[in-house]
Amino acid sequence: MGYDLDPIAEIRDSARGSAPAQGRACGRVFRCDGGRPGNIKLYQCDPKRIVPILRPYRTRENIGHWWQDPSVIPYLESRLALKVHKGIGEFHLFGGQTGTPVIKQLIEIVLRENIYLHAHSDEVAIVELFNIEPRLKVIWAHAGMSSGPQAVGALLDRYPNLSVDLAIRNGDSVLTRRRWSPAPSADTGVAIAHRSPEETEDQ
């Protein structure tokens, strides 16, 4: 079923107007493109606010093995030819799954295109990705989902090109404003969280 895009834009405008000042300043959102034409239409409707990122799998059945599937690479190349995507993700990838030819080619692609990886991953996979290629730009989805502040902070300190998104961590006691500074990414304009340099783990 399709949707009329004009009312959707009006709803976004209304929500943005009622958001806190910081939220309005960073009022752009990621939209995962799973190959459905409606996602690109949404971007075309509001390219100043919608930031398309490209999910490497097309169905939920692909989640558990996409990193082993060679057909992922030509699919990504065909969608990236649109020249609108700012990243690849959000994808599920965990420790021990990063050493495949598909992930090697994926890393080559994001370096060539100068775009982000948006990784729903555990701490081990984040380390493995940066061990393969330190130049990667990675947004760690949900700040590791269940990772604590010491673990997240240590990885942010270790890898300058690592940021986190705080989705699903709203109100989480381990991710407070004292420790994390949401700021719009220079590449995407979307608010992602960085380590506050004046904060320490014992605060």
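The values are calculated or read from the model by the stated rules, or taken from the named source; none is laboratory data. This structure is a prediction, so every number in the text was calculated from the model and none was measured. Cβ coordinates were reconstructed from backbone atoms using ideal geometry, including for glycine residues, and neighbour counts include every protein chain displayed.
For region 123-142, enumerate the residues that are modelled with pLDDT of 95 or more and either within 16 Å of the chain's Cα centre (by Cα) or assigned to a loop (DSSP other than H, G, I, E, B) (or both). Before you say what the answer is, go through the steps one by one.
So the first thing to find is which residues in region 123-142 are modelled with pLDDT of 95 or more, and the list is 123-138.
Selection gives Glu123, Ala125, Ile126, Leu129, Phe130, Glu133, Pro134, Arg135, Leu136, Lys137, Val138.
Of the residues in region 143-189, how many are at negative phi and either β-branched (Val, Ile, Thr) or modelled with pLDDT of 55 or more (or both)? Reasoning before the result, please.
Step one: filter region 143-189 for residues at negative phi, giving 146-167, 169-170, 172-188.
So of that shortlist, the ones also either β-branched (Val, Ile, Thr) or modelled with pLDDT of 55 or more (or both) come out as 146-167, 169-170, 172, 174, 176, 185, 187-188.
Going through region 143-189 one residue at a time, the tally reaches 30.
Name the residues in region 64-95 that are surrounded by 15 or more Cβ atoms within 10 Å (Cβ to Cβ) and either part of a loop (DSSP other than H, G, I, E, B) or among the acidic types (Asp, Glu) (or both), would you? Walk me through it before giving the result.
Narrowing region 64-95 to residues surrounded by 15 or more Cβ atoms within 10 Å (Cβ to Cβ): 66-67, 72-73, 75-76, 79-80, 84-94.
Answer for region 64-95, where residues must be surrounded by 15 or more Cβ atoms within 10 Å (Cβ to Cβ) and either part of a loop (DSSP other than H, G, I, E, B) or among the acidic types (Asp, Glu) (or both): Val84, His85, Lys86, Glu90, Leu93, Phe94.
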- Have a look at Ile50, Ile40, Ile73, Ile63 and point out the one that is under 20 Å from Ile139 (Cβ atoms), out of contact with any His (no Cβ under 6 Å at 6 or more places or on another chain) and among the aliphatic types (A, V, I, L, M). Ile50
- Which ones in region 96-108 are closer than 25 Å to Ala143 by Cβ and part of a helix (DSSP H, G or I)? Ile103, Leu106, Ile107
- Task: Test each condition in (1) in a helix (DSSP H, G or I); (2) farther than 23 Å from Ser147 by Cβ for Val51 and report the one that comes out false.
- Result: (1)
- Item | region 109-122 - residue that is over 13 Å from the mean Cα position of the chain (by Cα) and assigned to a loop (DSSP other than H, G, I, E, B) and, of those, farthest from Gly64 (Cα to Cα) | Asn114
- Query: Would it be correct to say that Gln97 is of a type outside the set (D, E, K, R), within 21 Å of Ser78 (Cα to Cα) and modelled with pLDDT of 95 or more?
  - Reply: no
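So is Ala119 in contact (Cβ under 8 Å) with a residue 40 or more places away in the chain and surrounded by 14 or more Cβ atoms within 10 Å (Cβ to Cβ) or not?
Working: in contact (Cβ under 8 Å) with a residue 40 or more places away in the chain: no; surrounded by 14 or more Cβ atoms within 10 Å (Cβ to Cβ): yes.
No, not satisfied.
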